[in-house]
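J.: My questions will all concern the structure given below.
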Amino acid sequence: MIIVAGAGSAGLTAALAASDRKLEVLLIEPDLRAYLSCNSARSTGMVMAGGTKIQKRSGVDDNWEWLLADILKKNRGRCAMSVVRALVKASAPMVDWLAESHGVDFSVVKEFRYPGHTQFHMHATPSRSGQELVDSLWRAVRRAPQITVLEGCKLTALDVGDGKITGARIQYPDGRHEDIATDTVILATNGFGNRKDWVRRYIPSMAEATYFGGPNSDGSGIEAALKLGAGVGFMSSYQGHATINTETGLLVTYSTVMTGGILINIVGDRFGDETAGYSEFAERIMSQPDRRAYVVFDQSTYEVAIRFRDFREIVAAGAVRSWETTQSLGGGLGLIPSVWHETADTVSRCKAGDIRDRFGRADWGRAWRSPLYSVVVHGALLHTQGGLAVNEHAQVLREIDGEPIIGLYAAGGAAQGISGDGADGYLSGNGLLSAMGLGFIAGNHAGN
C-alpha cells in the first residue's frame, strides 16, 4: 500500500495513476471539505497539454515541443530542465488518459490564447471551473476500489531507514496518531501560501497580499521532508492573479483582458501591458492607488467570459456593471475625466492600428462594441510555486547530494514548480501542469 497525502488535483491524479497500476492507495486529506478548499478548485481548471487526441479532433495542431518552447520563453530557462521536459512529454498522455479512462470531459479552449501561448494548449471541462475539474477527479477516485480515502486526517511525519521511506505518521480528527508502514509516500500537500512567516521569508513582495488559495497550504508536507534532509528549489516562485473580484472574492477570467479588455486604476489610467501575464500584474495592481483596479471590456468580450462559471456568478451577484458609452463609464466609476478620456482615446487608436502602445501591448483585438462593462478587481497570491526538489520521476531529492530519497515523491505545491523565481516566469497553465503532471508521473513511477 502507498500513501498519497493531499487530495487536490495533484493527489487525486497520483492516486488514480497508482490505482491503475494495481497498487492499493491510502489517500489522506485533512479538510473534510477538500473538494471545495484546494487551490485547484479555486482556479479556472485549465490543464495545459501539447498534442492530445482531443486537440487533433478539434483541428488544433500542437505538440510537446511547442509547449516546451512557450514555457521556456516565459521562464527564460530558469527551471529544472529534466522536470519540465518530463512534464510536457507526459501532458498529452495524461489528459487523454483522464478523458478516456476516468471520464473527465475535456475540450480545447479555442476562443482566445492565454498570455505567452502560441498554440491552443488549454483543456477545460464544460463550465471552465476548477471546481468542476476537481469534482470529476473525485468521482473517478470514488469509483476506484483500490483507493481508500481518509478525510479529516493529516500526515504529520515521515519515517526513513537506509535512505528509504519506511512509514508515515497520520493524525486523526480527534487528535489520535497512527504510524503506518509503507515504502511509498506521495506528498501532494500543497505549498505554503497560507503560512505568513514563510511568505515573508521567501516572497516578501507578497507578504501583505490577499491570499486566495486553500487554507491547508501551510508548508507541512515540505517541512516533513526537510526533516529527512530533502532539498528545495525556487522558493521565491509564486502565481499571483491580477483580477480577483473585490466584491465577491471570485476570480475574473483573464479572457476579459486577452480578448480586448484593459486594466485601469481608480483615476482611469492604464499602468502596463496587461497581456504580459496575470501573475506578475498582481503586484502592479497592489502598487496602484487604493490597491485596486477596474477591468474594462466590451460586449464581444462579455460573450466569451460568460462561458466561465465563476464569471456567471460574478454577474449574478451584480458585480459587473454595464455602460453605454466611455463617458458614462468614466462618470459612473468616478474616474478623472481628462485621464480617462486620454486612456479611452489611446485604446481606440491602438485597436485601429494608428499608434503603438507605450507599454508595448501588441494584441488589442477588435474595436469595442457597446455596451461596455467594468468590474473592480485586486491582486492576490494564489499559490506558491517553489517546493521540494524533484527529478523527472517526481522523486524528492536530498539536499546534500541530489540523490532521491527512495519511496518519497512530491507533486503540486509541495514540489518545485517550472516557473523559475518570482512571478514573471509563470506561464498560464504552469500550476495545473505541475500539479497533475507530477502526480501522474509519481503515481506511474511508484507503480513501476
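The values are calculated or read from the model by the stated rules, or taken from the named source; none is laboratory data. Remember, predicted model here, so these are calculated numbers, not experimental data. When we count neighbours, we look across all protein chains shown, and the Cβ atoms used for this are built from the backbone with ideal geometry, even at glycine.
J.: Looking only at residues that are assigned to a helix (DSSP H, G or I) and either under 30 Å from the mean Cα position of the chain (by Cα) or not assigned by TED's automatic domain parsing to the domain that holds Leu250 (or both) in region 315-346, which one is surrounded by the fewest Cβ atoms within 10 Å (Cβ to Cβ)?
T.: Ala316
J.: Quick check: anything in region 120-137 outside the structural domain of Arg309 (by TED's automatic domain parsing), touching a residue at least 60 places away in the same chain (Cβ under 8 Å), surrounded by fewer than 21 Cβ atoms within 10 Å (Cβ to Cβ) and closer than 19 Å to Val60 by Cα?
T.: yes
J.: Another question, if that's okay. Go through region 117-133 and report how many residues are in contact with a Phe, Trp or Tyr (Cβ under 9 Å, 6 or more places away or on another chain) and at pLDDT below 95.
T.: 4
J.: While we're here: Limited to region 398-447, what total is found for residues that are modelled with pLDDT under 95, outside any loop (DSSP other than H, G, I, E, B) and either acidic (Asp, Glu) or more than 23 Å from Thr44 (Cα to Cα) (or both)?
T.: 1
J.: Right, something else. Would a scan of region 48-65 turn up a residue that is aliphatic (A, V, I, L, M), under 18 Å from Gly277 (Cβ atoms) and crowded, with 18+ Cβ neighbours inside 10 Å?
T.: So far as region 48-65 goes, yes, one or more of its residues are aliphatic (A, V, I, L, M), under 18 Å from Gly277 (Cβ atoms) and crowded, with 18+ Cβ neighbours inside 10 Å.
J.: Just name the residue that is nearest to Ala168 (Cα to Cα) out of those in region 212-222 that are out of contact with any Phe, Trp or Tyr (no Cβ under 9 Å at 6 or more places or on another chain) and in a loop (DSSP other than H, G, I, E, B).
T.: Taking the candidates together, the pick is Asn216.
J.: Of the residues Val47, Val84, Val109, Val104, which is without any contact (Cβ under 8 Å) to a residue 60 or more places away in the chain and β-branched (Val, Ile, Thr)?
T.: So the residue among Val47, Val84, Val109, Val104 that is without any contact (Cβ under 8 Å) to a residue 60 or more places away in the chain and β-branched (Val, Ile, Thr) is Val104.
J.: Wholly within region 1-97, which helices (runs of 4 or more DSSP H) include no fewer than the required count, namely at least 1 residues that are out of contact with any Gly (no Cβ under 6 Å at 6 or more places or on another chain) and farther than 22 Å from Ser237 by Cα?
T.: Counting at least 1 such residues, we get 9-20, 34-37, 53-57, 64-75.
J.: Return yes or no: is Glu392 within 21 Å of the chain's Cα centre (by Cα) and either assigned by TED's automatic domain parsing to the domain that holds Ala86 or closer than 25 Å to Gly332 by Cβ (or both)?
T.: yes
J.: Hey, another quick one. Among the residues of region 391-448 satisfying the criterion of being aromatic (Phe, Trp, Tyr) and under 19 Å from Val4 (Cβ atoms), which is surrounded by the most Cβ atoms within 10 Å (Cβ to Cβ)?
T.: Tyr409
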